[in-house]
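**Student:** Once you've had a glance at the structure underneath, I'll fire off some questions.
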Amino acid sequence: MNDGGGESRRNIDECKSERGGEQEEDEFGRAVTRVSVAQICESAGYHTFQRSALEALADIALRYLRDLGRSARFHANLAGRTACNVFDVIQALEDLGSSQGFAGASDVNHPLAASGALKDIIRYTNIAEEIPFARAVPRFPIPKTRKPTPSFLQLGETPPHKHIPSWLPAFPDPHTYIHTPVWNERGSDPRTEKLEQARQRRKAEKSLVSLQQRLACNGATMASMDGELKGKRPLDGNNPFLAPPLLSGEKEASLVPMPAGLSLKSPDENIEKKPGGLSVVNAFAPANEAAKGGGLIDEARQLKPKRPVVQFKFGLDKRTVNPAPLLFGNRYNRTGGNATDMSWFSRDEEKDDKKKRAEQILKEAMENPQELVQL
Amino acid sequence: MNSADPKHDDEAALIEFLSSLMDYTPTIPDELAEHYLGKSGFQCPDIRVFDCRTRLVALATQKFIAEIANDALQLCKARQSAVVKDKRDKLQKDKRLILTNDDLSKALREYGVNMKRQEYFAESPSTGMESAARDD
């Protein structure tokens with residue numbers, strides 16, 4: 001079915017809402033009219049129709065129906081009656097059909113039973129085939145049964161005053177009509193409020209920044225990771241040595257590895273008990289500690305108290321071999337820095353030796369690809 | 001006496017028609033007609049029986065719509081036969097008769113209903129307004 005009339009339908013809906021809820025209540029009636037009009041069109045010979053055309057035609061049918069009723073009522077009222085007659089209906093038909101014309105319209109005094117409009121209808125009845133409506137339509141609109149307000153007697157209350165009999169409906173509850181203003185009992189100190197607001201804002205900013213850094217760190221390592229490492233947990237594979245090299249200034253310089261500092265600063269003893277894995281407490285320890293006083297929380301979260309063993313995997317394809325990131329760890333460790341982290345730096349020197357050895361092996365591999373031995 | 005006979009005939013015909021109407025089910029259902037007639041003040045009897053007045057009104061509406069549909073159908077067929085002169089293939093494809101807004105508005109003009117249709121549709125209400133804002 002061609003739905004080219006979608007836009008116009010939307011306009012019709014807007015008009016409906018402008019007119020208020022009156023059109024919305026009619027939805028059922030309109031839907032039924034649409035179906036019946038469609039059936040009439042089908043009997044006339046149409047196969048399909050545009051939706052907007054059908055809606056327009058249904059609207060016209062409804063208006064015609066209502067106009068007939070209004071006209072018939074008018075004629076009945078004119079004759080001094082309230083109930084409509086067949087003749088009122090015939091007169092209404094003549095009224096509405098006068099624009100098309102029917103036989104005998106000019107004859108003012110003709111008897112209604114011989115009305116041309118009626119004859120047209122009789123002719124139509126004889127010609128057209130009878131098409132009953134497709135489905136059973138319930139009687140509508142269904143009246144809503146309202147629950148009456150219970151009386152004083154039913155509620156078991158006594159009316160407040162003597163002059164009110166108990167069989168009358170009860171008064172509404174006082175909270176429905178009495179409004180007591182609620183005051184804020186807390187004393188408001190503008191200075192402390194401002195301090196509190198600033199503190200919360202700072203906290204939010206810190207957590208956002210750390211989250212961003214964490215995401216960036218994860219993203220940087222994941223991009224250069226080997227396919228084999230993908231199966232592992234991202235935290236295990238979060239090896240800064242395998243990340244692509246960073247130019248100076250690309251990453252924030254405040255990236256200071258302080259696992260020793262973490263154990264020093266944090267009063268939480270759980271960290272020293274569990275040096276190995278990354279527990280939830282470890283992850284949130286910096287946040288806890290920052291919440292208490294404020295400090296560098298970002299970088300500590302990215303590093304674990306114990307560095308995982310660096311594993312180098314060499315293959316024939318060159319994309320896994322990237323000597324540059326080997327230097328990453330150096331810069332990573334050297335920027336910032338704390339004099340107290342001596343243990344960290346000693347471990348760092350071991351890594352340097354390893355890296356030098358790895359570089360040598362790489363060079364050999366580059367020169368002699370055929371004599372390469374898988375490590 | 002002569003004048004009374006045709007009257008009598010007419011009335012007899014009317015009575016017969018009205019009684020036959022009870023057997024004829026118009027396409028517009030009775031409940032629908034009753035609802036909308038009730039809205040316009042057409043008094044229905046208290047006994048909820050579908051009487052011939054409601055049926056008559058429903059039938060009249062049906063006739064009205066059928067006439068409009070027929071006129072629109074004539075227009076549609078006329079247009080198809082005018083177009084088809086190029087290829088015979090089109091006749092096969094265009095056997096589907098579609099009730100379009102154009103045909104409907106032309107047919108309704110004779111009945112005094114002025115139906116206007118949008119020439120083209122924009123994508124959204126603000127199409128074209130954005131470019132004006134950008135110029136500023």
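**Student:** If Lys and Arg each add +1 and Asp and Glu each add -1, what is the summed charge of the other residues whose beta carbon sits under 12 Å from the beta carbon of B:ALA60?
**Tutor:** Details: positive: B:ARG53, B:ARG55, B:LYS63; negative: A:ASP67, A:GLU94, A:ASP95, A:ASP120, B:GLU67.
In short, -2.
**Student:** Once you keep just the Cα pairs under 8 angstrom separated by 6 or more residues, what percentage relative contact order results for segment A:27-127? Intermediate values should be presented prior to the final figure.
**Tutor:** Numbers: 68 pairs, mean separation 18.2, N = 101.
Over segment A:27-127, the number comes to 18 percent.
**Student:** Something else about it: Could you tell me which of the pairs A:LYS119/B:LYS7; A:LYS119/B:LYS39; B:LYS39/B:LYS63 are separated by over 25 angstrom between their Cα atoms in the structure shown? Before the final figure, lay out the partial values.
**Tutor:** Values: A:LYS119/B:LYS7 14 Å; A:LYS119/B:LYS39 28 Å; B:LYS39/B:LYS63 22 Å.
Exceeds cut-off: A:LYS119/B:LYS39.
**Student:** Let me ask another. When Cβ neighbours within 10 Å are restricted to other protein chains, what is their mean count per residue of peptide A:46-57?
**Tutor:** Numbers: counts 9, 5, 5, 9, 7, 2, 5, 11, 3, 0, 8, 9.
The shielding value for this peptide is 6.
**Student:** Can you compute the modelled spin-label distance between B:ILE15 and A:THR48, with each label point 7 Å from Cα toward Cβ, in nm?
**Tutor:** It works out to 5.2 nm between the two label points.
**Student:** Ok, one more. Which value in nm describes the separation of the simple spin-label points at A:ARG201 and A:VAL309, placed 7 Å from the Cα toward the beta carbon?
**Tutor:** Rounded to a tenth, the inter-label distance reads 5.1 nm.
**Student:** Averaged across A:78-88, how many Cβ atoms of other chains sit within 10 Å of each residue's Cβ atom? List each step's numbers first, then the result.
**Tutor:** On the way: counts 0, 0, 0, 1, 2, 5, 8, 2, 8, 1, 3.
Across A:78-88, the average partner-chain Cβ count within 10 Å equals 3.
**Student:** What ranking do A:73-82, A:40-49 get when scored by the average of other Cβ atoms within 10 Å per residue, highest first?
**Tutor:** Working: A:73-82: 14.3, A:40-49: 18.8.
Peptide ranking by packing, descending: A:40-49, A:73-82.
**Student:** Counting only residues 5 or more places away or on other chains, whose amide H sits under 5 Å from the amide H of A:SER151 once H atoms are built in the peptide plane?
**Tutor:** Under 5 Å from the amide H of A:SER151 lie the amide H atoms of A:ALA170, each far enough along the sequence or on another chain.
Bear in mind that the values in this text are calculations on the coordinates, not laboratory data. Because the structure is a prediction, the values reported are computed rather than measured. So basically every Cβ, Gly included, is an ideal-geometry build from the backbone, and we count neighbours across all protein chains shown.
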